[in-house]
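Data block below; observations after.
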Amino acid sequence: MSNKAVVSLNTGLEDAETVTIALLVAVGAAEAGRPSLMFLTKEAVRLALAGVAVGSACDGCPPIQDLLSRYLAASGKLLVCPVCFNSKQLDTASLIDGAEMGGTVPMWEWIGDEGATTFSY
């Protein structure tokens, strides 16, 4: 059985609570030592841009930038959907460290034959 985790996120800061929950799940997996990948699609691709993943979803919620920093510090990976990213005419030069462009083929290659536990938000 695989211990890999994939969190698919398709919403951005327009739904900061969903972003927070997805990051909490991803941080939990990565900090527990599971190889972890977040696949960012639709508006979530903007979270991979410098200066975007900021703020807090609610009073008492951890700051989004802190969760993202913890995830990346625990060797979590960000895979940014190129179709979604390019359709928004965003600049790859603004991607944060730890984010890379890649679609479904690289995601499946990362998962490999052993599979992964998945979460979708």
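Numbers for the structure displayed
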| read-out | value |
| --- | --- |
| Filtered residues of the range 36-80 (kept if assigned to a loop (DSSP other than H, G, I, E, B), among the small types (Gly, Ala, Ser) and under 17 Å from VAL6 (Cβ atoms)) | ALA74, SER75, GLY76 |
| Residue selected from the range 43-61 under the condition exposed (fewer than 15 other Cβ atoms within 10 Å of the Cβ) and not hydrophobic (A, V, I, L, M, F, W, C), by the criterion nearest to TRP108 (Cα to Cα) | GLY51 |
| Among the residues listed as VAL105, VAL83, the single one being open to solvent by 30 Å² or more (accessible area, probe 1.4 Å) and farther than 14 Å from VAL45 by Cα | VAL105 |
| Residue count, the range 1-19 (criterion: outside any loop (DSSP other than H, G, I, E, B), out of contact with any strand residue (DSSP E or B) (no Cβ under 6 Å at 6 or more places or on another chain) and either in contact (Cβ under 8 Å) with a residue 40 or more places away in the chain or open to solvent by 70 Å² or more (accessible area, probe 1.4 Å) (or both)) | 6 |
| Pick from the range 86-102, criterion assigned to a helix (DSSP H, G or I) and within 16 Å of ALA44 (Cα to Cα), ranking: least open to solvent (accessible area, probe 1.4 Å) | SER94 |
| First in the range 73-100 and among the polar types (S, T, N, Q), second anywhere and open to solvent by 30 Å² or more (accessible area, probe 1.4 Å), Cβ under 6 Å, 6 or more apart | SER94/ALA50 |
| Qualifying residue in the range 58-71 (condition: basic (Lys, Arg) and under 21 Å from LEU95 (Cβ atoms)) | yes |
| Residue satisfying all of: in the range 108-121; open to solvent by less than 50 Å² (accessible area, probe 1.4 Å) and of a type in the set (Gly, Ala, Ser); nearest to ASN3 (Cα to Cα) among these | ALA116 |
| Test: LYS77 is among the basic types (Lys, Arg), surrounded by 19 or more Cβ atoms within 10 Å (Cβ to Cβ) and modelled with pLDDT of 95 or more | yes |
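The values are calculated or read from the model by the stated rules, or taken from the named source; none is laboratory data. Treat the numbers as computed from the prediction; the structure is a model and nothing was measured. A quick note on method: Cβ atoms are made from the backbone with ideal geometry, for glycine too, and the neighbour counts reach across all protein chains shown. Accessible surface areas use protein heavy atoms only, side chains included; no ligands, DNA or RNA. Shrake-Rupley method; radii C 1.70, N 1.55, O 1.52, S 1.80 Å.
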